[in-house]
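Have a look at the structure below before the remarks.
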Amino acid sequence: MTGTSLSCSYNELSALLRRFFEALTGGRGDYATAAKSVCWLELRGLDGIRQLVADKDNYQQEVRPLTDIVSSESTPYSVDLSGRGVFYDGFLVFDTAIGFAMHGAALVYHIDCEGDPRFVLPGLVLCSDAGLFATVCWTNEDGASMSVASITPGSKNPTLSFIADKISDLSHKIMLAVSQDAAFTQQALLDTGIDLKTTRVQSSITPKEFQERVDASLVNGISVNREDLSILSSIADRVLVESSDQSRKGAGD
């Protein structure tokens, strides 16, 4: 713990985030899964809360129908998450990708979004749990480097690699490929111009290293910025206030 951060247990943070999403969205959507996704990032030191706080206003909009998010007029499918709550609408994309892939329709998705693309990483685990291969890549915020993540069936953590050079000129923010066939996801990455066998990889985080981060976070707590925690708490407390008001009315007060 430092002067600018507090240490929270996983259960404390998970409960806070569930209340946060419930208050912010009025109970719309799957706020339990959204909270779990942010916690997934935090357990691995990937700062999901900072993105959530930065994008919090996006979650007050209605959750859009899938047809408004995903354009299937041509392949690769185009996904527009601009101005949307990515921990909500973003995971509708994974539901679609998994559904198609489970029925043998391997597809590539080009995703436009705001903020940190790492919100997609928990979704890779959903693919893995469904027995699927998944690969994702994006240009980092510096505009001069890239990141690639991939996962295999049955794994609880992906491999995340950082590429020192901007190999691919992605016209969209993120490329996502999901399939029952590992060769399909590998080819989708090659089609972006990235070949991990020949590309200069600056560093990588392996599934084992991610799990070590998780284990350490569960034992030592998750470090959360005090200011971000205050913002989350002030919004989450709306649920408690509304519940208390409803209880008093129900009691005849």
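For the stretch 73-96, the set of residues classified as aliphatic (A, V, I, L, M), outside any loop (DSSP other than H, G, I, E, B) and within 13 Å of the chain's Cα centre (by Cα) consists of 86, 92, 93, listed by residue number. Checking residue 101 against (1) among the aliphatic types (A, V, I, L, M); (2) farther than 17 Å from residue 46 by Cα; (3) in a strand (DSSP E or B); (4) out of contact with any Pro (no Cβ under 7 Å at 6 or more places or on another chain), which single condition isn't satisfied? Here residue 101 meets the rest and fails (3). Counting the residues of the stretch 127-139 that are crowded, with 18+ Cβ neighbours inside 10 Å and either part of a loop (DSSP other than H, G, I, E, B) or in contact with an Asp or Glu (Cβ under 8 Å, 6 or more places away or on another chain) (or both) gives 2.
Of the residues 165, 142, the single one that is touching a residue at least 24 places away in the same chain (Cβ under 8 Å) and either surrounded by fewer than 16 Cβ atoms within 10 Å (Cβ to Cβ) or out of contact with any helix residue (DSSP H, G or I) (no Cβ under 6 Å at 6 or more places or on another chain) (or both) is 165. Taken over the stretch 116-126, the residue count meeting the criterion of being touching a helix residue (DSSP H, G or I) at 6+ places or on another chain (Cβ under 6 Å), more than 14 Å from residue 89 (Cα to Cα) and either crowded, with 23+ Cβ neighbours inside 10 Å or touching a residue at least 40 places away in the same chain (Cβ under 8 Å) (or both) is 1.
Screening the candidates 208, 166, 173 for the property of being under 21 Å from the mean Cα position of the chain (by Cα), more than 17 Å from residue 111 (Cα to Cα) and basic (Lys, Arg) yields one hit, 208. Would you tally the residues in the stretch 195-215 being closer than 11 Å to residue 160 by Cβ and among the hydroxyl-bearing types (Ser, Thr, Tyr)? Of the residues in the stretch 195-215, 3 are closer than 11 Å to residue 160 by Cβ and among the hydroxyl-bearing types (Ser, Thr, Tyr). Screening residue 62 against (1) surrounded by fewer than 19 Cβ atoms within 10 Å (Cβ to Cβ); (2) modelled with pLDDT of 70 or more; (3) among the charged types (D, E, K, R) leaves a single unmet condition, (2). If the condition is being surrounded by 21 or more Cβ atoms within 10 Å (Cβ to Cβ), hydrophobic (A, V, I, L, M, F, W, C) and either at pLDDT 85 or above or under 25 Å from residue 205 (Cα atoms) (or both), then the stretch 24-39 contributes 34, 35, 38, 39.
Please tell me if residue 179 is surrounded by 14 or more Cβ atoms within 10 Å (Cβ to Cβ), within 18 Å of the chain's Cα centre (by Cα) and at pLDDT 95 or above. No: the conditions fail for residue 179. In the set (1) modelled with pLDDT of 90 or more; (2) assigned to a loop (DSSP other than H, G, I, E, B); (3) of a type in the set (Val, Ile, Thr), residue 167 fails one condition alone, (1). Note on the stretch 104-125: among residues that are assigned to a loop (DSSP other than H, G, I, E, B) and aliphatic (A, V, I, L, M), the one that is nearest to residue 141 (Cα to Cα) is 106.
The values are calculated or read from the model by the stated rules, or taken from the named source; none is laboratory data. In this text the structure is predicted, and so the values were computed from the model without any measurement. Heads up, the Cβs are rebuilt from the backbone with ideal geometry, glycines too, and the neighbour counts pull from every protein chain shown.
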